[in-house]
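**Q** Would you mind keeping the following structure in view while I ask a few things?
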Amino acid sequence: MLLKVSRVWIYLLLQFLIAVSLCHLKNVPAGSQHSFKNGLFNFYHSLILADGKETTIHLLKDIPKRYYFILREDRAPIPFTVTVTPCDVPIEWSILVHKTSTNFLGKTAHGNYDTQDISKFQKIPNSVSTIFNYKGNSVETYVGVPSFSAIYLIEFLSTERDTHITVYLTSDITSGHLYPELPMDPRIDVVGVGHTIVTLAWKHSPSVLQHKENIQYCLLLNEKHNYKSLCAAETAIRSSGIKLPPTLALSLSPDLLDPQQVMILSKQELSVINKLNNGQVRQICMGTMNHHTVTNLSPSTQYYFDIFVVNLLTNASAAYTGTFARTLEEPDPKVTELKDGKIIHLTLDKKTWKFYNLQYQARHKRVQFTFQSCSGQISVQITRNHKIVASENFAGLKLFSLKGKLMDTYLVQVRSVEQSNTSVKVQVSSHFYKPLFSDLPDSLKIKSFSKLRTCNSVTIAWLGTQEQSKYCVYKKRIEEDQVWTEVRSTDRCSGPESRNKYEEVLCKYFYDRNLQRAVTTETIKGLDAGTHYLFDVYLFGPSGIPVKYHSRVVKTRKKC
């Protein structure tokens, strides 16, 4: 009958093992290499591997690390498991077993061993056997049938560099699972691919069906390779110099994010983007849904996708078999030919690029592009024969005068950089003597004079040009809580035709050959006290197309 093991027995056995090692070390010649691989156990530098708990182990390059465990004898013969998760480079690990007699273990339990027993323990190499060994970076699990009169030892070795791993030993696989279970078919299916999206689906984990409130799926995608475990992904991101939150799976606080991280939370979906030098690693946790469409991808790019099922209580995870997909090539952009002198009006989406192609004949070597942003800021890039000749972000009016060669081809890229749609007017012309807009003043700002404000009048000023031009002033009464909205939503491309007739204050002509004196002022009377007014000035050049100054809000005095 097998002898039952107690905590006292384990403590006494540890004392015995240390005594064995110390006694043995005294007889080992200096410089000799002595290890269990030669059939002898050396427990002097070994540690106990905890049962039922995940252990993180740090390994130094080329230095083995050993742990041992002993299975209890007062239980039914239930298989035990050892799961090892490499978190970086491939490692080597082996499980060895030393079988001894129940009688010998009984002596150790009662402290009835002597030097002769120790000598016998050291000189029985045939009782040591390797029952499992593995080399690689995959998550590997060994399932074994326990031998109660035996001591198990596990050795870990990293030959590439310093690294860390996690190890989970359980002597009772019926007590529950630390790691979520994977389905019989753990593959990820790519069910749809577009230019900027990929749709994935996978079979449910049995753990999700049993413990829905404590389990969730997390998706990781990047442009380099698949990851075989969640800790391997964490290690890769940390090695780039980014400080990770405590876990990828649990709810993340913005305070924990590194400046190189972006967190997106919408519809119960948590997404963290790590901006690495060589691309982005994106993590998305989507609860218990077993399908997901990844958006905002780049066209014609290969992405690697990994799904992890995560136990929120233990933070342990299991990895599905990773997959990859290449997004479709972006279709050739629609090219609109810009005709000389013709104005086109575009509505831009913040995610859309518009391309324009303009070709000149031999008699046109110089060309001028004119852009008028109607609302918000836009980005413009002009290339000539595939070389960038102008690139700028701006709001309002902008002119680019370029000189090239005959038969040059210009390509214009325009997009919105605002969070909402905007519009822009574009014109290209080789006729510099017929400009779309007259010479513009140095500034399109309207100035108001605080000291000249009264309860029923305000005084404003604006810059003019050296050409005789027409200027029209409009006013609009607004409420205090409308100020920001009115200024923000102003359409700079619209002219006075979009205004109510009663908003018109006056129209006047003026110019000055000396730009230093090309300034005009106007006092608008008949206003209400303590009221906000929005003032606009329109400049009409030779082409008749108005240029709108930046709107100005002025409040009359409440008391005079």
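The values are calculated or read from the model by the stated rules, or taken from the named source; none is laboratory data. From a predicted model like this one, the values you see are computed outputs, not experimental measurements. Methodologically, a virtual Cβ is constructed for each residue, glycine included, from the backbone with ideal geometry; neighbour enumeration extends over all protein chains shown. Side chains included, ligands, DNA and RNA excluded: accessible areas come from the protein's heavy atoms. Shrake-Rupley method; radii C 1.70, N 1.55, O 1.52, S 1.80 Å.
**Q** Out of the total accessible area of the range 154-228 (probe 1.4 Å, heavy atoms of protein only), what percent is carbon and sulfur?
**A** 52
**Q** While we're here: I need the calculated FRET efficiency for the pair E479 and N296, taking r as the beta carbon distance and R₀ as 35 Å, to the nearest 0.05.
**A** 0.35
**Q** For the range 403-410, take each phi angle, set θ = phi - 60°, evaluate the Karplus expression 6.51 cos²θ - 1.76 cosθ + 1.60, and give the result in whole Hz per residue in order, putting x for glycine and proline.
**A** Values, residue by residue: 10, x, 10, 5, 6, 5, 10, 9 Hz.
**Q** If Lys and Arg each add +1 and Asp and Glu each add -1, what is the summed charge of the other residues whose beta carbon sits under 15 Å from the beta carbon of R384?
**A** Local net charge: +4.
**Q** Counting alpha carbon pairs within less than 8 Å and at least 6 residues apart, what relative contact order, in whole percent, applies to the range 446-555?
**A** Relative contact order here is 41 percent.
**Q** Roughly speaking, to the nearest percent, how much of the range 335-429's 1.4 Å accessible area is carbon and sulfur?
**A** With neighbouring chains kept in place, the figure for the range 335-429 is 45 percent.
**Q** Are any of the pairs K334/K548; K224/K334; K61/K228; K339/K445; K339/K475 more than 28 Å apart by Cα-Cα distance, and if so, which?
**A** As for pairs spanning more than 28 Å Cα to Cα, those are K334/K548; K224/K334; K339/K445; K339/K475.
**Q** Please turn the phi angles of the range 425-430 into ³J(HN,Hα) values with the Karplus equation 6.51 cos²θ - 1.76 cosθ + 1.60 (θ = phi - 60°), one per residue in order, whole Hz, x for glycine and proline.
**A** 9, 10, 9, 10, 8, 9
**Q** In Å², what does the accessible area per residue of the range 441-516 work out to with a 1.4 Å probe?
**A** 64
**Q** Give a residue-ordered list of calculated ³J(HN,Hα) values for the range 379-393 (Karplus: 6.51 cos²θ - 1.76 cosθ + 1.60, θ = phi - 60°; whole Hz; x for Gly, Pro).
**A** Rounded to whole hertz, the list is 10, 10, 9, 10, 10, 10, 6, 6, 10, 6, 10, 7, 7, 6, 9.
**Q** Please give the net charge around P186, taking every other residue with its beta carbon less than 13 angstrom from that of P186, where Lys and Arg add +1 and Asp and Glu add -1.
**A** -1
**Q** Okay, next question. Would you mind calculating the relative contact order of the range 335-429 from Cα pairs under 8 angstrom and at least 6 residues apart, reporting the percent as a whole number?
**A** Here the relative contact order equals 47 percent.
**Q** OK, next. If you add up the charges near K61, with Lys and Arg at +1 and Asp and Glu at -1, over every other residue whose beta carbon is less than 14 angstrom from its beta carbon, what do you get?
**A** Residues near K61 contribute -3 overall.
**Q** Could you rank R557, R238 by how accessible they are, 1.4 Å probe, largest area first?
**A** On the way: R557 80, R238 110 Å².
From most accessible down to least: R238, R557.
**Q** Amide H to amide H, which residues 5 or more places from D162 or on other chains are under 5 Å from it, using H placed in the peptide plane?
**A** Residues meeting the criterion, in which the H sits 1.01 Å from N, are K61.
**Q** Whenever you get a sec, compute what percent of the accessible area on the range 446-555 sits on carbon and sulfur atoms (1.4 Å probe).
**A** Carbon plus sulfur share of accessible area: 46 percent.
**Q** Can you list the residues, at least 5 places off or on another chain, whose amide H is less than 5 Å from the amide H of V389, using H built in the peptide plane?
**A** The answer is I382, T383, R384.
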